[in-house]
Amino acid sequence: MDNHYFYEPSKGHGLAHDPLNAIIGPRPIGWISSRDKTGARNLAPYSFFNCFNYSPPIIGFASVGYKDSLANIIDSGEFVWNLTTRQLAEKMNLTSANLPPNADEFAFAGLTPTPSTIVAADRVSESPVNFECKLSQCIQLQAANGDKMDTWLVLGEVVAVHIAKHLLNSEGIYQTALAEPILRAGGPSAYYTISDTLRFDLARPKLP
């Protein structure tokens, strides 16, 4: 007897909440800052986010719907990713509010905008890690049958990196758990953080 719950997404999952976000998780937060044509700031979190290439470094996030961040990035060709930590979780959540157009999420959440070094978009000063990015691709997603979707994948090349020095040990190794990044999980409100007590190490197998 098959012990698996089975469903076809196109026909609905039949559960209390879509399990996709819980299965593909926890996921890093894409806390994206950008500027529009007038210079107005925007800051928004995206839970469909990750890193996709080492050299050059490429990160990306998906915008479900043509939102302000997407429009700003297409217009300017730039954005900044800001690391969301446990200490910044509540402020990050405030920036997800559906504010009026041209409202400043930095001000709404009580965050400090800091000029970037290369791109025009501001960094979140309180965030210990920031990636300044140049837009490399913006791809409208499509279904297997070719139908276009109202979802856009934004890929950006990281052209500058800011790391708080206390997150680098004496050997110059970044301390992931020390930063206390938060990660999005399933359901409408679940998040997780990282602890060194949960760490384990695996070395790649060496073939003869």
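The values are calculated or read from the model by the stated rules, or taken from the named source; none is laboratory data. This is a predicted model, so every value here is computed, not measured. Cβ sites come from the backbone with ideal geometry, for glycine too, and all protein chains shown count toward neighbours.
Points to keep in mind about this one:
- Verdict on Asn3 being at pLDDT 95 or above and either of a type outside the set (Lys, Arg) or surrounded by fewer than 14 Cβ atoms within 10 Å (Cβ to Cβ) (or both): no
- Taken together, the residues in the stretch 9-38 that are basic (Lys, Arg), farther than 22 Å from Thr193 by Cβ, in contact (Cβ under 8 Å) with a residue 12 or more places away in the chain and not in a loop (DSSP other than H, G, I, E, B) amount to 1.
- Answer residue from the stretch 145-176, given it is among the charged types (D, E, K, R) and surrounded by fewer than 10 Cβ atoms within 10 Å (Cβ to Cβ) and is farthest from Leu135 (Cα to Cα) among those: Glu171
- Subset of the stretch 90-114 that is assigned to a helix (DSSP H, G or I) and of a type in the set (A, V, I, L, M) - its residue that is surrounded by the most Cβ atoms within 10 Å (Cβ to Cβ): Met92
- Residue pairs meeting the criteria (Cβ under 9 Å; at least 6 apart or on separate chains; first without any contact (Cβ under 8 Å) to a residue 12 or more places away in the chain and under 12 Å from Tyr191 (Cβ atoms), in the stretch 90-101; second of a type in the set (A, V, I, L, M, F, W, C) and exposed (fewer than 15 other Cβ atoms within 10 Å of the Cβ)): none
- Of all residues in the stretch 153-186, those that are more than 15 Å from Tyr46 (Cα to Cα), of a type outside the set (A, V, I, L, M) and not in a helix (DSSP H, G or I) total 9.
- Of all positions in the stretch 47-67, at least one carries a residue that is buried (at least 21 other Cβ atoms within 10 Å of the Cβ) and not hydrophobic (A, V, I, L, M, F, W, C).
- Candidate set from the stretch 95-106 (those that are aliphatic (A, V, I, L, M) and under 20 Å from the mean Cα position of the chain (by Cα)); member that is modelled with the lowest pLDDT: Leu99
- Test: residue in the stretch 115-132 that is under 21 Å from Gly39 (Cα atoms), assigned to a strand (DSSP E or B), touching a His at 6+ places or on another chain (Cβ under 7 Å) and not hydrophobic (A, V, I, L, M, F, W, C): yes
- Any chance Ile74 is under 30 Å from His166 (Cα atoms) and loosely packed, with under 15 Cβ neighbours inside 10 Å: no
- Flag: Ala203 does not match the condition of being farther than 20 Å from Phe49 by Cα and in contact (Cβ under 8 Å) with a residue 60 or more places away in the chain.
- Looking at Gly12, Gly60, just one residue is out of contact with any strand residue (DSSP E or B) (no Cβ under 9 Å at 6 or more places or on another chain) and either over 26 Å from Ala107 (Cβ atoms) or not β-branched (Val, Ile, Thr) (or both), and that residue is Gly12.
- Being of a type in the set (D, E, K, R) and surrounded by 12 or more Cβ atoms within 10 Å (Cβ to Cβ) is a property that Glu180 has.
- When residues of the stretch 126-167 are limited to those that are out of contact with any Asp or Glu (no Cβ under 8 Å at 6 or more places or on another chain) and of a type in the set (Val, Ile, Thr), the one farthest from Gly110 (Cα to Cα): Ile139
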